Amino acid sequence: MYQQQQINHLPVICAQYGVEDVIVSPGSRSAPLTLAFYRYNKFNLRVVVDERSAAFIALGIAQQKRKPVVLICTSGTASLNYAPAIAEAYFQKIPLLVLTADRPPELVGNQDGQTIFQQEIYGRHVKASYQLPDTYTAHTKDHIHALKAALHNAVFPDAGPVHVNVPLREPLYTNDAFVFPVNKP
């Protein structure tokens with residue numbers, strides 16, 4: 001249950017910080033993130049299958065609008081394909097909020113598919129990296145503050161990319177996961 005609440009806070013906080021655009025590179029692990037942004041229904045949400053292209057599209061939109069653009073991808077090596085655009089965003093001071101879905105930490109290094117070291121994956125090419133918890137903790141509000149800090153950091157004092165790694169445990173979906181709002185085309 002905490003995982004769903006954690007994910008549902010993401011689009012709300014992004015909207016509060018003026019985010020208008022979300023670029024999604026689809027994958028099964030990131031589907032709960034995509035659904036949360038889709039359901040919130042306040043964003044220009046675009047699906048771009050190729051991660052490298054998706055990241056450069058996000059970079060271009062953020063460059064034009066001078067507002068943070070959210071970039072979402074699934075776990076594993078997919079996130080590495082964002083690196084060239086993230087490096088460009090860093091040196092050009094363009095705001096991006098990169099959300100990478102991840103597997104639980106105990107699966108890293110245990111031959112589980114699509115599992116790599118994703119924490120701080122972009123190194124010095126992001127202004128900051130945040131790691132969200134994979135289980136319920138007593139400090140839920142601290143994690144909401146971390147999300148707000150990530151968006152603030154993407155814009156102030158200078159703009160640039162910020163990474164938030166989001167480990168997600170099975171089951172990824174609830175029974176109503178694929179019930180969509182009726183006002184969508």
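The values are calculated or read from the model by the stated rules, or taken from the named source; none is laboratory data. This structure is a prediction, so every number in the text was calculated from the model and none was measured. Because the Cβ atoms are built from the backbone with ideal geometry, glycine has one as well, and the counts that use them run over all protein chains shown. Calculation scope for accessible area: heavy atoms of the full protein, side chains included, ligands and nucleic acids excluded. Shrake-Rupley method; radii C 1.70, N 1.55, O 1.52, S 1.80 Å.
Points to keep in mind about this one:
- All positions within the stretch 64-79 that are part of a helix (DSSP H, G or I) and surrounded by fewer than 17 Cβ atoms within 10 Å (Cβ to Cβ): Q64, K65, T77
- In the stretch 125-139, residue modelled with the lowest pLDDT [restricted to those that are assigned to a loop (DSSP other than H, G, I, E, B) and either open to solvent by less than 70 Å² (accessible area, probe 1.4 Å) or under 23 Å from P84 (Cβ atoms) (or both)]: T137
- When the stretch 57-83 is filtered for residues that are of a type outside the set (S, T, N, Q) and within 20 Å of D134 (Cβ to Cβ), the ones remaining, listed by number, are I72, C73, G76, A78.
- When residues of the stretch 1-56 are limited to those that are open to solvent by less than 60 Å² (accessible area, probe 1.4 Å) and among the acidic types (D, E), the one farthest from L147 (Cα to Cα): E51
- Scanning the stretch 81-106 for residues that are surrounded by fewer than 24 Cβ atoms within 10 Å (Cβ to Cβ), of a type outside the set (S, T, N, Q) and out of contact with any Phe, Trp or Tyr (no Cβ under 7 Å at 6 or more places or on another chain) returns P84, A87, E88, Y90, F91, K93, R103, P104, P105, E106.
- Listed by first and then second residue, the pairs with beta-carbon distance under 6 Å, at least 6 apart or on different chains, first residue in the stretch 15-36 and touching a residue at least 60 places away in the same chain (Cβ under 8 Å) and within 17 Å of V69 (Cβ to Cβ), second open to solvent by 30 Å² or more (accessible area, probe 1.4 Å) and small (G, A, S), form an empty list.
- Of all the listed residues (A85, A89, A62, A78), the sole one being of a type in the set (G, A, S) and within 14 Å of the chain's Cα centre (by Cα) is A78.
- Scan of the stretch 1-24 for residues that are β-branched (V, I, T) and modelled with pLDDT of 95 or more, ordered by number: V19, V22, I23, V24
- Listed conditions (1) touching a residue at least 60 places away in the same chain (Cβ under 8 Å); (2) under 11 Å from N165 (Cα atoms); (3) of a type outside the set (A, V, I, L, M); (4) part of a helix (DSSP H, G or I) are all met by T100, apart from (4).
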